[in-house]
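Reading through the structure tokens given below for one structure.
The values are calculated or read from the model by the stated rules, or taken from the named source; none is laboratory data. From a predicted model like this one, the values you see are computed outputs, not experimental measurements. Cβ sites come from the backbone with ideal geometry, for glycine too, and all protein chains shown count toward neighbours. Ligands, DNA and RNA are excluded from the accessible area calculation, which covers all protein heavy atoms including side chains. Shrake-Rupley method; radii C 1.70, N 1.55, O 1.52, S 1.80 Å.
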2 protein chains.
Amino acid sequence: MKKRPTVTDVAKLANVGASTVSRHLRGVSVSPDAAIRISEAIAQLGYHPDETARALRVGRTRTIGVIIPQVSNMFYSRAVQLIEEEASKRGCAVILLTHQESLKQQGIQLATIRRYRADGVILAPAAGSTLEDISAALPGTPVVAIDRFISSEMDSVVLRNRDAARVATEHLLRHGYKRIACVVSRPEIASFKQRWEGYVETMGLNHLETLLIQAPNHEQLRYALTSTFVSHSRPDALLSFSNRVTQTILLAFDELALSREERLPLLGFDDFDLASLVDPPLSVIRQPTENMMRHATDLLFRRIEGSEPVEPKVIALPGQPIYRKSCGCS
Amino acid sequence: MKKRPTVTDVAKLANVGASTVSRHLRGVSVSPDAAIRISEAIAQLGYHPDETARALRVGRTRTIGVIIPQVSNMFYSRAVQLIEEEASKRGCAVILLTHQESLKQQGIQLATIRRYRADGVILAPAAGSTLEDISAALPGTPVVAIDRFISSEMDSVVLRNRDAARVATEHLLRHGYKRIACVVSRPEIASFKQRWEGYVETMGLNHLETLLIQAPNHEQLRYALTSTFVSHSRPDALLSFSNRVTQTILLAFDELALSREERLPLLGFDDFDLASLVDPPLSVIRQPTENMMRHATDLLFRRIEGSEPVEPKVIALPGQPIYRKSCGCS
DNA sequence: CTGTTAGCGCTTTCAA
DNA sequence: TTGAAAGCGCTAACAG
């Protein structure tokens, strides 16, 4: 088994010094004929530079860490997709890690990132994360938070959650619903907290009581939902805080075999592929995921390149309401 | 800005040699009091070992590459999720790359993997991939193919596509449908090819003509579908080859505002969250994704560890038919 | 423009 | 069991 060729091998074959090869590789000017000989040698040997060695020497790994709750949530898989493409364009590879909504697991993954010396991190922080924990875990490494705001001291790209929830609640109110219930899996998650605040505020302004249907996991949430639906104090309308929750609501409708008319009016956060195809078509607040991820990667790479912005930047993008039928529109 | 601490720093503070620190870190026996002093020093300095340096020295990076068409397809996002968890358990990080169904892009990503010196790769090969291309791009690096079979010389974990398609076609036949059409986006993709074969075979056995509805992208596919649906030679039933295609079919139904009764009977590959919630509930061939990914990671890590299996192993798992209503069942 | 040399942080002989 | 020293493949400084 022959070893992988190194710069030295290339250098020898091309009759130049190793540093000339290195220069050529990095696009620094080299004499034309040396360039040709080097290129030939590289082709002949099938040489591929070793990123780990380069990283060690230069202190930059050309990798970025992406830490999210799970990839299987459509919002995040879309996000990862976008981040990967952007990173790829800039010559960086993505190290993908998940924290499964666990603060402890997140700590482990931050340490992982640290060991791998990623140049920067895009993070959807687990509930309970603090700026201090995170920046202590990654001293000197740029981090941008997505989806969940934790501190104005940290670069963040998020939805304007309060506003969006306000808009959503007002819309439901305009349809004449009074007993509007929020449905959420884990209210301690930052984005959901803000959505809840926007809702509470709007309900308060209208002298209406707030309602919360909540459970730590989707199994229990479905149970909570079905019991609520059959109780005599059932709400007028539902405001779902995430696509997963929306699906759980749909499942609960289905479980009770509620007809289209018996279903509660529903408005949900996050758009998804089949949202327009369920019955009735789902009204949602869509997140501008593409834009968000572009902002996030831009911010991150600016930080990595070390130029420009010094103070933390929080980018909050408006949600886009898409009223189909489920909210009561026609 | 103080530099990151190194083994040497730890060694000095603990009054031992660097190699002793290294040994301790890797769990090799060290005298008890040295161990204590080292641990203290590590904690005090906030030392984290540098994977890039270790990788350079030792020749193993503790990373695995995962190359898939896109993360945003539910099948793959689920797969990535599973792989990440498994890799994490084994102390490896995942480098995530996508090839967008482009052979050229796949080549680029294979080269990326090579530069980063990943210890192994899990790959869903783009259409047109050959064993030779792939192993030439990654000499000495274990690769396991998932979802798409390209050669029995390469470790692979796939669905028993022909059988599954046979079962699906027979099921549709049993409902009395004769003009069964396959719907597929890119027939050149290995798994779809095999599904097509299973279908052709079954139709042939029953002296029935084969029908194909196909278009290179989902936009055009939807168009092809709607025109087919309104033509007088419309099929009796549809066999969809992937979850994305199934969604496109649903979209086409919706576009034509076909009522539940007017919709064509449909059986699709891949189960997904909302499959049971659309109207009528979707019948599908489910892939045992979890099992598949466990096999894939097992295979890969066995190869990486260098022990055991020498000859390539192809694992083909049966699909699980789930008959809801869309296929004509009730 | 080029080659020589040193060294990034780690592990691994090798001798003690 | 331990420490000193060499070296993984690369790049940056420096002298030509």
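The table for this structure:
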{"quantity": "Matching residues in the stretch A:100-128 - criterion: being in contact with a Pro (Cβ under 8 Å, 6 or more places away or on another chain) and more than 16 Å from residue B:95 (Cα to Cα)", "calculated": "A:100, A:101, A:106, A:124, A:126"}
{"quantity": "Failed condition for residue A:189, given (1) over 30 Å from residue A:62 (Cα atoms); (2) open to solvent by 10 Å² or more (accessible area, probe 1.4 Å)", "calculated": "(2)"}
{"quantity": "Flag if residue A:222 is touching a strand residue (DSSP E or B) at 6+ places or on another chain (Cβ under 8 Å) and among the charged types (D, E, K, R)", "calculated": "no"}
{"quantity": "Residues located in the stretch B:97-133, provided they are in a helix (DSSP H, G or I), of a type in the set (Lys, Arg) and within 12 Å of another protein chain (Cβ to nearest Cβ)", "calculated": "B:114, B:115"}
{"quantity": "Residue among A:152, A:156 that alone is more than 10 Å from chain B (Cβ to nearest Cβ), hydroxyl-bearing (Ser, Thr, Tyr), open to solvent by less than 20 Å² (accessible area, probe 1.4 Å) and touching a strand residue (DSSP E or B) at 6+ places or on another chain (Cβ under 6 Å)", "calculated": "A:156"}
{"quantity": "Condition met for residue A:170 (at pLDDT 95 or above, open to solvent by 40 Å² or more (accessible area, probe 1.4 Å) and not in a helix (DSSP H, G or I))", "calculated": "no"}
{"quantity": "Scan of the stretch A:231-253 for residues that are open to solvent by 70 Å² or more (accessible area, probe 1.4 Å) and over 22 Å from residue A:194 (Cα atoms), ordered by number", "calculated": "A:232, A:234"}
{"quantity": "Some residue of the stretch B:105-128 being surrounded by fewer than 22 Cβ atoms within 10 Å (Cβ to Cβ), assigned by TED's automatic domain parsing to the domain that holds residue B:66 and in contact with a Gly (Cβ under 6 Å, 6 or more places away or on another chain)", "calculated": "no"}
{"quantity": "Any hit, the stretch A:32-52, residues being polar (S, T, N, Q), within 8 Å of DNA strand C (Cβ to nearest atom) and more than 14 Å from chain B (Cβ to nearest Cβ)", "calculated": "no"}
{"quantity": "Helices (runs of 4 or more DSSP H) contained entirely in the stretch B:1-96, each with at least 1 residues that are in contact (Cβ under 8 Å) with a residue 24 or more places away in the chain and more than 16 Å from DNA strand D (Cβ to nearest atom)", "calculated": "B:32-45, B:74-89"}
{"quantity": "Filtered residues of the stretch A:1-29 (kept if open to solvent by 40 Å² or more (accessible area, probe 1.4 Å) and within 7 Å of DNA strand C (Cβ to nearest atom))", "calculated": "A:15, A:18, A:19, A:23, A:29"}
{"quantity": "Residue match in the stretch A:269-285 (condition: open to solvent by 30 Å² or more (accessible area, probe 1.4 Å), within 17 Å of residue A:238 (Cβ to Cβ) and either of a type in the set (Ser, Thr, Tyr) or in contact (Cβ under 8 Å) with a residue 60 or more places away in the chain (or both))", "calculated": "no"}
